[in-house]
Amino acid sequence: MSIAAAFRSLKASSAITWKSTGKLQQTVANCIERTGRGLHSGDVFTVKILPAAARFGRCFIFRSTVIRASIDNAVKETPLCTTLSQDGYRVLTVEHLLSALEASGVDNCRIEIEGSGDCDRSVEVPIFDGSAREWVDAIKQAGLKVAVDCGGKSCEKLAPFLSEPVHVTKNDSFIAAFPYPKVNITYGIDYPQAPTIGRQWFSSTLLDESFYSKAIASARTFCLYEEVEHMRSLGLIKGVRRNSHHIMSKGWLNPPLRYDDEPCRHKVLDLIGDISLLAQEGNQGLLVAHIIAYKGGHSMHTEFVRCLLGLNQSNDKALDSHELGASEQSMEST
């Protein structure tokens, strides 16, 4: 396929312009296999990441059903994680894996997932230690290679550049993005009910694989101890363990932190995974722009991607959500 044809095949909007990165699309050089426990179900799942052809993109395979890692398949208003759905089958908690794949340059891959328990209709990506470090290390061990199509040809990698300001808001939470020549993410959180976390900000323009691996990938998810039992009563976070979450009450119940601002860095990790759903046909998903988020969460992250593509009114993949707090931030723990 010519570069011109590749541009024409991509979903676009007035806010997005696709441009060449000067790089070729990649895939994993070898198979990756990891087994672990799901955060919400508490069940054990095995994930295999396999090489894929250029322009294949990132796709989950569950019971022979292909579920593309695309905003078109993202379920709206799912509490505490990002969920993909296709033909009645669902894959939960995809954000940490997708974050690692996007940041590590795995543009194309097949992600086969299966569970050991009763999982006729849904499976879950393992939580491991609550960060993306397990996936980043696995990708480094497997290595990368240039992806080629069925004709043996490589494909140039494109990236979405923001051409006009875009924003989404909910109560006191927001995500705003402004045109900028490189990826710049600024994220803020505020937990007055947990002074040890308090208000934090993190910002960086060095979001390449090396920086991500050192400064973002190891940041673990967290939750407030006072919310744990309430969330479990809703059938959530059955897989929470002290080694999979930082748990906060009047202080951290399972220290130490890996970074002083680890909760805020984890929000950046989540944002990268959720925005990667903008990716199409093996191209970059992470938006080239200055993105500023405050007290956001998974639902707001994916709504932001829909806004970028003008899909706000057309996506009807919705599940009933449970109100866990007044702000978007308090509804998200992964």
Which listed residue is open to solvent by less than 40 Å² (accessible area, probe 1.4 Å), modelled with pLDDT under 95 and not hydrophobic (A, V, I, L, M, F, W, C), from D118, D129
D129
Given the structure, is T169 assigned to a strand (DSSP E or B) and more than 19 Å from the chain's Cα centre (by Cα)?
yes
Which one of R63, R68, R34, R55 is within 15 Å of the chain's Cα centre (by Cα) and surrounded by fewer than 23 Cβ atoms within 10 Å (Cβ to Cβ)?
R68
Which of the residues belonging to region 70-111 are assigned to a helix (DSSP H, G or I) and either at pLDDT below 95 or hydroxyl-bearing (S, T, Y) (or both)?
S99, S104
So the check is Cβ under 6 Å with 6+ separation or different chains; which pairs have a first residue in region 58-81 that's over 22 Å from A100 (Cβ atoms) and a second one that's of a type outside the set (D, E) and open to solvent by less than 20 Å² (accessible area, probe 1.4 Å)?
E77/S299; P79/M331
Output for region 172-196, where each listed residue is open to solvent by less than 10 Å² (accessible area, probe 1.4 Å), under 23 Å from C223 (Cα atoms) and either among the small types (G, A, S) or in a loop (DSSP other than H, G, I, E, B) (or both)
S173, G188, A194
Is it true that some residue in region 133-144 is in contact (Cβ under 8 Å) with a residue 24 or more places away in the chain, surrounded by fewer than 22 Cβ atoms within 10 Å (Cβ to Cβ) and within 18 Å of T65 (Cα to Cα)?
no
Based on this model, can you work out whether F128 counts as in contact with a strand residue (DSSP E or B) (Cβ under 7 Å, 6 or more places away or on another chain) and over 30 Å from Y259 (Cα atoms)?
no
Extreme residue, surrounded by the most Cβ atoms within 10 Å (Cβ to Cβ), among residues of region 197-215 that are on the phi < 0 side of the Ramachandran plot and in a strand (DSSP E or B)
F202
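Would you point out the residue of region 79-110, among those that are hydroxyl-bearing (S, T, Y) and open to solvent by less than 10 Å² (accessible area, probe 1.4 Å), that is nearest to the chain's Cα centre (by Cα)?
Checking each candidate, the answer is S99.
Every residue, every condition in (1) modelled with pLDDT of 95 or more; (2) within 17 Å of the chain's Cα centre (by Cα); (3) β-branched (V, I, T); (4) open to solvent by less than 10 Å² (accessible area, probe 1.4 Å), yes or no:
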residue: N254; (1), (2), (3), (4): no, no, no, no
residue: L277; (1), (2), (3), (4): yes, yes, no, yes
residue: K295; (1), (2), (3), (4): yes, yes, no, no
residue: L308; (1), (2), (3), (4): yes, yes, no, yes
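The values are calculated or read from the model by the stated rules, or taken from the named source; none is laboratory data. Since we're looking at a predicted model, the values are computed, not measured. So basically every Cβ, Gly included, is an ideal-geometry build from the backbone, and we count neighbours across all protein chains shown. Surface areas here come from the heavy atoms of the whole protein model, side chains and all, with no ligands, DNA or RNA. Shrake-Rupley method; radii C 1.70, N 1.55, O 1.52, S 1.80 Å.
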